[in-house]
Amino acid sequence: MTDLYEENLLELFSASKRMGIQLLAEIELRAETGKVIERPLGSTKRLPGLEGIMFDLAQLRVLPIEQTVQVDTKVLIGPKAKKPLQLDIPIMIGGMAYGLALSEKAKIALAMGASLAGTSTNSGSGPFLQTERDNADKWILQYSRSSWAKNEDVLSQADAIEIQFGQGSLGGLGYSLRADKIGPALKQAFSIAFDQDAKVTARFPEVQKPEDVPAFVHSIRAKVDGTPIGIKIGCGKYLEQDLAVALQAGVDFITLSGAQTATHGSPPSIGETHGLPTFFALIRAVNFLNQNNAKDRVSLIVGGGLTEPGEILKALGLGADAVHIGTAALFSISHNQVEKPFPFEPPTQLIWYGGKYADQYDENLGAQYLANFLKSVVDEISDGVRIMGKTSIRQVTKADMFSLDQATADITGIPVGFKPEEPSSIINESL
């Protein structure tokens, strides 16, 4: 009450209010280590999203569907592949790596929970984990920019192969896990020397220019028998040029990783200042695929900040075939177990590889909660489909939406809701 500001503890409140607690903490972390810091679970920056879109209601012109009618939520990934990937729901577990991010128990929980819900899990960029594969009904191998998980025995076990050129929260940034952070079992999984770091490079050695991509994709396709092959990319300013390279390579699916995507840890500035928002990337990608008559043969998967049922349904209606979730899945598998690290450690210490409480994690409990979460989301999406008078997620299109503002209308081509869709004279004629 009496100290001048220069001696007053209130100064900390003033400074933290100006900068924000998070920025203040990150200044301290940088000052402590002198190294690039890695922020987990994505950026806090608010980027343009799907909030400016709303759905139609079926009332009189079209009647709603009874809740007893089953809504078709199935999706086919890689429809032109010899062995397309069939899923019961349009929500897939995104790539999260064993060792580089998650513990073995957490990966098993994701695999079991996805299987209970009728969808796929993804290996992420880490080494092959047989227990994950054994517990996954549908398993996508992420073919990463590393030396591991490349032999034909591993490839043959995949229901789809996702070649990871980059992701929204990291781009194509190379990174590594120090040798002293790698336990014996993980070291064996990486198949690297005892004193060797586990490295993910910025680019594949086989791809040193865009013209190398088709041959690279073909070389992987030649090792499997009809398994869908896709690519995953972070989304940049020249997205259409990246997509053109992907189409030339003959991929079966494309995974877009928007700027809202999270990861185990990335430099804060990458998520804050690099890449297209998921919303922009989705609209542009769908337009490009339609313009090139590729939408019916190349599946489009999108991820980055899509966790709410309504937002997921909007993404599907805009043209995505399926969506990836990551952070929401981690929260789900941690449900009712987060009290174990509290109050002195964050809940991620329960599921990170090497986490202080990883040995106390119950993967069976986590799997059931993930399945519950996915069922809840899909049931709510189904209700949203029914009240538009439809019986399948594939029947939902931009024609069932309206924009709340002109900017959203310009971006999406969806008319604004404050203007009538048809002249009022049509009503009089019908009467």
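What follows draws every value from the coordinates through simple rules; no lab data is involved. Computed from a predicted model, the values in this text were never measured in an experiment. Don't worry about glycine lacking a Cβ; one is built from the backbone with ideal geometry, like all the others, and counts go over all protein chains shown.
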Of Leu374, Leu57, Leu110, which has the largest mean-square fluctuation in a 10 Å C-alpha GNM of the chain?
Leu57
Choice from Gln395, Gln260, Gln67 showing the highest fluctuation, given a GNM over the chain with Cα pairs closer than 10 Å
Gln67
Have a look at Ile254, Ile387, Ile333 and tell me which one the Gaussian network model of the chain (Cα, springs below 10 Å) gives the largest fluctuation.
Ile387
Compute the distance from the alpha-carbon center of region 32-59 to that of region 209-257, in whole Å.
26 Å
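At a 10 angstrom cut-off on C-beta neighbours, averaged per residue, how do the peptides 68-74, 120-126, 227-233 rank from highest to lowest?
Numbers: 68-74: 13.6, 120-126: 28.3, 227-233: 25.0.
Averaged packing, sorted descending, gives the order 120-126, 227-233, 68-74.
Give Lys150/Lys181; Lys82/Lys223; Lys105/Lys150 a once-over and call out the pairs whose C-alpha atoms are over 18 Å from each other.
Values: Lys150/Lys181 23 Å; Lys82/Lys223 14 Å; Lys105/Lys150 23 Å.
Check vs 18 Å cut-off fails for Lys150/Lys181; Lys105/Lys150.
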Distance in nm between label sites at Ala399 and Glu7, each 7 Å beyond Cα in the beta-carbon direction?
7.6 nm
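What is the extension gain from Ala31 to Gln291, computed as 0.36 nm multiplied by their sequence separation minus the C-alpha to C-alpha distance, in nm to one decimal? Don't skip to the answer; put the middle values down first.
Values: separation 260, 0.36 × 260 = 93.60 nm, distance 4.99 nm.
Once the chain is fully extended between Ala31 and Gln291, it gains 88.6 nm.
Please work out whether region 147-260 counts as rounded, prolate or oblate from its C-alpha gyration tensor, where a ≥ b ≥ c are the square roots of the eigenvalues and a/c under 1.5 means rounded, while otherwise a/b larger than b/c means prolate and anything else oblate?
Oblate, since a/c reaches 1.5 and b/c is not below a/b.
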Pull up the DSSP beta bridges for the chain and report the antiparallel fraction as a percent, rounded to 5.
30 percent
List the equivalent ellipsoid semi-axes of region 53-396 in whole Å, largest first, each obtained as the square root of 5λ for an eigenvalue λ of the Cα gyration tensor.
31, 26, 18
Quote the charge dipole size of the chain about the Cα centre in Debye, to the nearest 20; the model charges only the Cβ of Lys and Arg (+1) and of Asp and Glu (-1).
1020 debye
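I need the helices of the chain that pass two filters: whole DSSP H segments spanning 24 Å or more by Cα along the axis, and mean Kyte-Doolittle score no lower than -0.5. Don't skip to the answer; put the middle values down first.
Values: long enough: 363-386 (34 Å, -0.07).
Passing helices, by number: 363-386.
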Within region 47-63, backbone nitrogen closer than 20 Å to the virtual label 7 Å beyond the Cα of Lys419 toward Cβ
52-57
Give, in nm to one decimal, the length gained when the segment between Ser14 and Lys80 is fully stretched (0.36 nm per residue of separation minus the Cα-Cα distance).
17.8 nm
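How would you rank 175-183, 162-170, highest first, on the average number of other Cβ atoms within 10 Å across their residues? The partial results should precede the final answer.
On the way: 175-183: 14.9, 162-170: 25.7.
Descending mean neighbour count gives 162-170, 175-183.
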Under 19 Å Cα-Cα from Lys17, which aspartates and glutamates qualify once same-chain neighbours fewer than 8 residues away are excluded?
Glu6, Glu7, Glu26, Glu28
Of Lys83/Lys390; Lys35/Lys107; Lys232/Lys375; Lys232/Lys340; Lys187/Lys375, those spanning more than 31 Å from alpha-carbon to alpha-carbon:
Lys232/Lys340; Lys187/Lys375
